[in-house]
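The structure under discussion appears below in the form of structure tokens.
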Amino acid sequence: MSKNITHEGVVVKIDRQDVHVLIVQHSACAGCHAKGACTASDSKDKIIVAKNRGEVFQIGERVLLVGSNSMAWSALTYAFILPLILSIALLFVLSGMVSEAMSCLCVLALLAIYYFVLFLFRNKLETKFVFYIENQL
């Protein structure tokens, strides 16, 4: 298993410390031979901000973005695993105390609060989730 996540992209903007790279994110079935007949295959353009380590880039240049595999697991944990565990735990705690509808509303409130806290800490999390440009294509 690779220790890095890589994406090919195109430089669209250059700042002093950051390089903005446009990548095309494909769905899992985008490579299927029947994708023309299927509505499930899609792709989205995303702009990823990578740290510039003193290299010189040109707008329109093709580059390779690199992020660590542990960064992906951390993002997965923060976005999906922790909220799932918290939701299930709260459902079990509330199941004998209040009605089922109230339990569900409490779980929804917990999720709203959880994602709001993540939003508040986005600047701190941004320093943890960093892509770098490894080489130019």
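The values are calculated or read from the model by the stated rules, or taken from the named source; none is laboratory data. In this text the structure is predicted, and so the values were computed from the model without any measurement. Heads up, the Cβs are rebuilt from the backbone with ideal geometry, glycines too, and the neighbour counts pull from every protein chain shown. Keep in mind that these areas ignore ligands, DNA and RNA; they rest on the heavy atoms of the full protein, side chains included. Shrake-Rupley method; radii C 1.70, N 1.55, O 1.52, S 1.80 Å.
Distance between the pseudo-spin-label points of residue 120 and residue 5 (7 Å out from Cα toward the beta carbon): 2.6 nm.
Here the accessible area of the stretch 42-129 is 70 percent carbon and sulfur, with a 1.4 angstrom probe and all protein chains present. With a threshold of 20 Å on the Cα-Cα distance, the over-threshold entries among 13/128; 13/124; 13/51; 3/128 are 13/128; 13/124.
A straight chain from residue 105 to residue 56 at 0.36 nm per residue would run longer than the Cα-Cα distance by 12.5 nm.
Subtracting the Cα-Cα distance from 0.36 nm times the residue separation, let me have the gained length for residue 79 to residue 128 in nm, one decimal. Length difference between fully extended and current span is 16.2 nm. For the stretch 7-18, 3J(HN,Hα) computed residue by residue from phi via the Karplus equation (6.51, -1.76, 1.60; θ = phi - 60°) reads 9, 7, x, 10, 5, 10, 7, 10, 10, 5, 9, 10 Hz, glycine and proline entered as x.
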